[in-house]
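Below you'll find the structure, written out as structure tokens, and then a few comments.
FYI, it's all coordinate maths here, none of it is from the lab. Quantities reported herein were computed from a predicted structural model and do not represent experimental measurements. Cβ atoms come from the backbone with ideal geometry, glycine included; neighbour counts cover every protein chain shown.
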């Protein structure tokens, strides 16, 4: 967000402007910020959360004129309570759980200033996406996703007439072993798709109910997209000459673009009507 | 204006009124105080690495707490005394703690594959603690107890016959702890040339984690990055006490300064100014020109009840003569192209293979299997060694870049499954650096499934896992070779060719006339392995009665039958090392048996030998405990990082984008930033169309 946007928000005719409040709250939550920065710096997680944070600030900047003058005290109280809770949790809970509470605290404070017709769910989604999730999702959810992807790919390749079978998260295709390892799970694609959905919903001011009803489609699209991507790559990898790294990258990007296009299509379907409902 | 009744703090009232300006400032101040309190309470010093999940494979060391001395091993000093075929080695490791907190130093270091480690002592503050040999679990419990009680304790364990782990607990700030190890080993000549090897570094071993189905255990080793030299000093001194003059002293690995060459009391010093401990130290020499210190050496026990007498026979084979007719053979080359082979090791392997394959006869046939995470066969069946096929094979090998994991067991299983014609002799030639942890699986596989072939193993690189290379050769009735650099490839390839074409002695048997011998190594004297490549026949055992008679060795050589008669000499009082060497040989034989059977069926026998002969084994460890309680503060574990062996790249550990396991093709998602650009472009497009909606 540009400095002009910050100064505009900070100059609202209240004693403590929303940006000032959020800045102070963020300062109180600094241990979580320091942890997230450390994770980004030491390479233990992809710094994608920064993109979600930037998108959130941009959307807030676009909506700065619609922010409430007097904050909703219930949300504010929730923000305060969650801030205290997240900091206290540092003594007993894992850092990611504490950071989740901190994100919820900031999200609650944000809600206090948002007008009732704001796309709160989409903005809350961006707040959550700002957390360093990728490595943890890979760790906890990666394996089942890989098994599902490998099995679906095996069926798909069998339909295409190839000798394909799955063993754990590995596939034997035409006698060639190909592994569906952590970077193949589709977790990153899922993050991208959710980010895309939240950003588009935020831009279009999609109502929360509409956004939440369409969210499950995102999971289905990602799963299908990743299975197709994986199947194509496995089939090409099983050839004697293998597949060049650039082709890998290119096919992956095309698959991601198609998935995100589908997400945009789902989020914008009937938007003129839905957004006004 | 009506006042709201109730608690003073607005957030506690119901309904909650809007906060006043001063209320908001108050809340902000409270947050700031809370944050300050946390900043005081939350210190990195409170982080406990002990709670972190343990790594299973090699990893790169990262800088941590500055109050901790992360490099406690300051120096390693090696003194070698070479007398005949026996080397007595003293290794002194000096640990100091220049940090502010007590530490437990953990150091994984290599040893010779034949080392019989028989003693250890610790010097601490002017005192000397003599280590005792104990059963492994018992020693661990004693060490743990001492560590918790704040006593300084040193525990030496064997991870592999050539890899050891030293744990020194409770090294206090300012402490200077010196740990001395003593081992002895047999230095056997090949074609009259002796080779003494002192490995200085353990290469990063590819390890399949338990969660991925791996069953082997190996300590996770911390490594420095490629090009980063160890800050631990290394020095080595060799002095000979030989009855024969020592000549042709050379080292292809280190700069040395030799004095007294041509006498029996030669001395060797290291003169390298740079890194010395990132590769094996290899010293070659001859004794009195072509002569070797062979014969029959006897040692008589001290005469007490239960004392035993030992002997060692080293008999030089006759010179090899090329036979008139050479039968066609089938060669299968199994080549490691994993991440640890990237760079110089693979260049050496390529030079070797160009020599090996390029010199095949037209009547021979061959095939090549390249393996890392997966394997790739040059052709479905062996092809004749025609010029076209040889050039095609060399072109395929030249394309290999080196990357990924080292799945050697599936590769060898694939070889074992190859159909073999009954009338064609097959030689399997394995080319690898040996950086794996599945040695026992490999030995069992070779022994069970490749019994109808001769298996030769070439260790490639500056710090080869000789345990694997020698074990494969032993299991496959072949020979081990080490090629440290491309310039040496041609000579080793030629040595193999000669060896396969003309084994020196076959149908070998031995007998002792007039001397009562027992507990022999090898166990049977009537079916000794063929002698290949100019290595002498080595027989060890015990004797009783009077030292008289002779050893008779009979076999078939190229020119007819061959008989060697070695008379029994008077016992040598200086040959006490034969005791440990015999026990070491017996332990190796039991370990081979255990590897073949799987499990730990020889645990009791090996433990008994270790305890009786005071030897470090896989089931016995050395432990030295100081009885003085020196600290009440918990010692922080510190893993001494190891340099990467010379020529080995970061890919061996999995750095620089070359993940371990990546050589099995996989289907990773595209890069995060590129993906984000694609998504932002799509969101941007959606934004651009917004005005139309």
Relative to chain B, whose Cα atoms define the longest principal axis, helix B:136-149 and its Cα axis are tilted in degrees, nearest 10, by 40
Counting DSSP beta bridges with both partners in the protein assembly as shown, what percentage is antiparallel, nearest 5? 75
Using alpha carbons only, how many degrees (0 to 90, rounded to 10) separate the axis of helix B:672-688 from the longest principal axis of chain B? 30
Out of all DSSP beta bridges in chain B, what portion is antiparallel? Express it as a percent rounded to 5. 75
Starting with the highest mean, order A:101-110, B:436-445, B:260-269 by the number of other Cβ atoms within 10 Å, averaged over the residues of each peptide. A:101-110, B:436-445, B:260-269
Sorted from fewest to most neighbouring beta carbons within 10 Å, what does the list B:138, B:160, A:214, B:387 look like? B:387, B:138, A:214, B:160
Hydrodynamic calc, segment B:174-215: Kirkwood Rh from Cα pairs, then Stokes-Einstein at 25 °C with viscosity 0.890 mPa s, so D in µm² s⁻¹ is 158
Once the Cβ-Cβ distance between residue B:386 and residue B:77 is put in as r, and R0 is 35 Å, what FRET efficiency do you end up with, to the nearest 0.05? 0.05
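Using only the Cα atoms of segment B:356-446, build the gyration tensor, take square roots of its eigenvalues as a ≥ b ≥ c, and label the shape rounded, prolate or oblate: rounded if a/c is under 1.5, else prolate if a/b is larger than b/c, else oblate.
Values: a/c = 2.20, a/b = 1.33, b/c = 1.65.
Oblate, since a/c reaches 1.5 and b/c is not below a/b.
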Quick calc, residue A:258 & residue A:151: beta-carbon distance into FRET formula, R0 22 Å, rounding 0.05, result 0.50
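What does the structure give for A:31-41 when I average, per residue, the other chain Cβ atoms found within 10 Å of the residue Cβ?
1
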For segment A:117-179, state the semi-axes of the equivalent ellipsoid (square roots of 5 times the eigenvalues of the alpha-carbon gyration tensor), sorted largest first and rounded to whole angstrom. 36, 15, 7
At 7 Å along the Cα-to-beta-carbon direction for both residue B:573 and residue B:414, put a label point, then send me their distance in nm to one decimal. 6.2
Taking the mean number of other Cβ atoms within 10 Å as a proxy for protection, how do you rank B:343-350, B:453-460, B:548-555 from highest to lowest? B:453-460, B:343-350, B:548-555
Going by a ≥ b ≥ c, the root eigenvalues of the Cα gyration tensor, does segment B:329-483 fall in the rounded group (a/c under 1.5), the prolate group (a/b larger than b/c) or the oblate group? oblate
I need the fraction of alpha carbon pairs in chain B separated by more than 43 Å, rounded to a whole percent. 34
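Please arrange A:167, B:242 by how many other C-beta atoms lie within 10 Å of their C-beta, fewest to most. Can you show the working numbers first?
Details: A:167 11, B:242 19.
Listed from fewest to most nearby Cβ atoms, that is A:167, B:242.
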What does the extension gain come out to for residue B:396 and residue B:263, with contour length at 0.36 nm per residue minus their alpha carbon separation? 42.8 nm
Residue-normalised 222 nm signal for the protein assembly as shown, counting each DSSP H run of n ≥ 4 as -39,500 (n - 2.57), nearest 500 deg cm²/dmol, is -12000 deg cm²/dmol
Which distance in nm do the two modelled labels at residue A:139 and residue B:210 give, with both placed 7 Å along the Cα-to-Cβ direction? 1.8
What length, rounded to one decimal in nm, is gained on full extension from residue B:244 through to residue B:449, with 0.36 nm per residue of separation minus their alpha-carbon distance? 69.4 nm
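Quick one: divide the alpha-carbon radius of gyration of the protein assembly as shown by 2.2 N^0.38 Å and tell me what you get.
Cα Rg divided by the expected 2.2 N^0.38 Å: 1.16.
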Report, as an integer, the average count of C-beta atoms from other chains found within 10 Å of each Cβ along A:181-189. 4
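Rank-order B:621-633, A:33-45 by packing density, defined as the average count of other C-beta atoms within 10 Å over each peptide's residues, highest first. Write down the numbers at each step before the final one.
Numbers: B:621-633: 17.8, A:33-45: 14.3.
Per-residue Cβ counts within 10 Å, averaged per peptide and sorted highest first, yield B:621-633, A:33-45.
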Given points 7 Å out from each Cα along the Cα-Cβ axis, report the residue A:247 to residue A:57 separation in nanometres with one decimal. 4.2
Heads up, segment B:428-511 by the C-alpha gyration tensor (a ≥ b ≥ c square roots of eigenvalues; a/c under 1.5 rounded, else a/b over b/c prolate, else oblate) looks oblate
Partner chain Cβ atoms within 10 Å, averaged over the residues of A:249-257 - can you pull that number for me? 5
Report, in degrees rounded to the nearest 10, the 0 to 90 angle that the Cα long axis of helix B:489-501 makes with the longest principal axis of chain B. 50
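Tally the DSSP beta bridges in segment B:329-483 and give the antiparallel ones as a percent, rounded to 5.
15
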Two-decimal Rg/Rh across segment B:405-450, once Rg and the Kirkwood Rh are taken from alpha-carbon atoms: 0.99
10 Å binning of all Cα-Cα separations within chain A, expressed as whole percents from 0 upward: 7, 24, 29, 22, 12, 5, 1, 0
